[in-house]
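Reading through the structure tokens given below for one structure.
Each reported figure results from applying straightforward, stated rules to the coordinates on display, with no laboratory input. Computed from a predicted model, the values in this text were never measured in an experiment.
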Amino acid sequence: KDFWADVPEAPKDPILGITEKFLADSNPQKLNFGVGAYRDDDGKPVVLDCVREAERRIAGKNFMEYLPIGGLKAFCDESVKLAYGEDAKCIKENRVAAVQTLSGTGSCRLMADFMHRFAPNAKCFMPTPTWSNHHNIFRDGGVEIQGLRYYKEDTCSLDYDALLEDINNAPAGSFFLLHACAHNPTGVDPTPEQWKGISEAMLAKSHFAFFDMAYQGFASGDCERDGAAIKIFLDDGHNVACSQSYAKNMGLYGQRIGCFSIVCADEAQKVAVESQMKAIARPMYSNPPLHGAALVNTVLSDPQLKAQWFKEVKGMADRIIDMRGKLREHLEKEAPQRTWNHVTDQIGMFCFSGMTPEQVDKLAEEHSMYMTRNGRISMAGVTSGNVERLAKAMATVIA
Ligand code: PLP
């Protein structure tokens, strides 16, 4: 018997589809602006010096044993300090439940599974648009998804009024997935004042906030500033949940290292919640991988290495901010019929350019430049050497 005869081929992941087309292009000048992984100004992947030093320090140690189900405890402790602040009341009161996860994706999946088990009828509101995998993760976790108005296409900026309206109109006690910083794919974040407004509106309706923080430090170059939204919510009295990833900000993409945490009402609740996080993790993957946790913990627990990391993450963010400025400058010159302030107003790895799918197709066909069809440019792929070419090609396809 052929058991799998009726298995249809799954739809291609939009990002991987771009990579395939890019690889198949024989033009030696081809450029890939699709993938969300940092590159230096020569277009090369980067291993941070603080990570190299951490590798040196852990090399040869006895560390092939299993971690506990919840991962490396010291790593989780450092991670929640980074997310909520060293002096956070919730940490002092020992009421943050946290486990090590398989990077940001694994954290989001734990959130979805936790919701499915302990808030089974709740829907999760998430911004339109959002990282496409959020939809897959919450769907497979068995959580119903509802769109949350977020982005205004005509101005390429935040639709704050619509966002607040959706928050106010949602049934009391609804769940909201929010990007803590560097919203993917739009690069549009609320200002601190707008976050305060969002927090107050959500508190008034007893909504729950789950922050996906995949880019702390990578957006502004300052980990504290990038974590400001979460602190605004904590100060207002929200008990939030948070997904952290060290893929982008520490360049540990393939190590699959992240942390999932829920701020609880008290210590007893934390014990219960953390035990249930582990109960979900155990049948899925037993325990998370050790190497990335050891690396991150080595960096974060040594003040000198941590300071070096802050410097290096700022270096990556600054290069991207610099490229935004250059791209805007060239676009204003090449395509002055449009405004390009959104290129520098947006933040993080991606620039939501406002190009149509047809224009993106033309960029690929006529200029060998590849990106997602929603017009999202990965700024990590933009360099001093290619920024002018990109702007000129964009000007041609939008003319
Ligand atoms: N969340 C957002 C918004 C992202 O953009 C990403 C990566 O692109 C992730 C989560 C998860 O990434 P990873 O699983 O590699 O940490």
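Lysine pairs in the range 305-399 with Cα distance under 25 Å, only those 8 or more apart or on different chains: how many are there?
So the count works out to 8.
Quick check: the distance between the Cα centres of the range 147-174 and the range 319-376, to the nearest angstrom?
So the two Cα centres are separated by 25 Å.
Pull up all non-local amide H partners of ASP212: gap of 5 or more, or a different chain, and H-to-H distance under 5 Å with H placed in the peptide plane.
The answer is LEU178, HIS179, ALA180, SER243.
Non-local amide H neighbours of PHE125 (under 5 Å, H modeled in plane, Pro and chain starts lacking H): which ones?
GLN146, PHE175, PHE176, LEU177
Report for the chain the percent antiparallel among DSSP-assigned beta bridges with both residues inside it, nearest 5.
Once the DSSP bridges in the chain are tallied, antiparallel ones form about 45 percent.
Do you know the Lys pair count in the range 27-176 for C-alpha distances under 27 Å, with sequence separation 8 or more or different chains?
Close lysine pairs found across the range 27-176: 9.
Taking the alpha-carbon centroid of each part, what is the distance from the range 90-113 to the range 271-309 in angstrom?
Rounded to whole Å, the Cα centres lie 10 Å apart.
Relative contact order of the chain, please, whole-number percent, based on alpha carbon pairs below 8 angstrom and at least 6 residues apart.
25 percent
Mind jotting down the three principal axis lengths of the range 1-105 based on Cα atoms? Whole angstrom, largest first.
Principal extents (Cα only, largest first): 55, 51, 35 Å.
Quick query: amide H of THR101 versus all other amide H atoms, modeled in the peptide plane; which residues come in under 5 Å with a sequence gap of 5 or more or a different chain?
For THR101, the qualifying residues are GLY258, CYS259, PHE260.
Could you work out [θ]222 nm for the chain from helices alone, using -39500 (n - 2.57) per DSSP H run of at least four and dividing by all its residues? Round to the nearest 500 deg cm²/dmol.
-14500 deg cm²/dmol
At 0.890 mPa s and 25 °C, plugging the Kirkwood radius over alpha-carbon pairs of the chain into Stokes-Einstein gives what diffusion coefficient in µm²/s?
112 µm²/s
Hey, what did the range 98-243 get for relative contact order, percent, Cα under 8 Å, at least 6 apart?
Once divided by the residue count of the range 98-243, the mean separation gives 21 percent.
According to the square roots a ≥ b ≥ c of the eigenvalues of the Cα gyration tensor, what is the shape class of the range 164-289, taking rounded for a/c under 1.5, prolate for a/b larger than b/c otherwise, and oblate for the remainder?
Oblate shape, in that a/c is at least 1.5 and b/c is the bigger or equal ratio.
In sequence order, what are the phi-derived ³J(HN,Hα) couplings for the range 253-265 according to the Karplus relation 6.51 cos²θ - 1.76 cosθ + 1.60 with θ = phi - 60°, rounded to whole Hz, with x for glycine and proline?
For the range 253-265, the Karplus-derived couplings read 2, x, 6, 6, 10, x, 9, 10, 9, 10, 7, 9, 6 Hz, x marking Gly and Pro.
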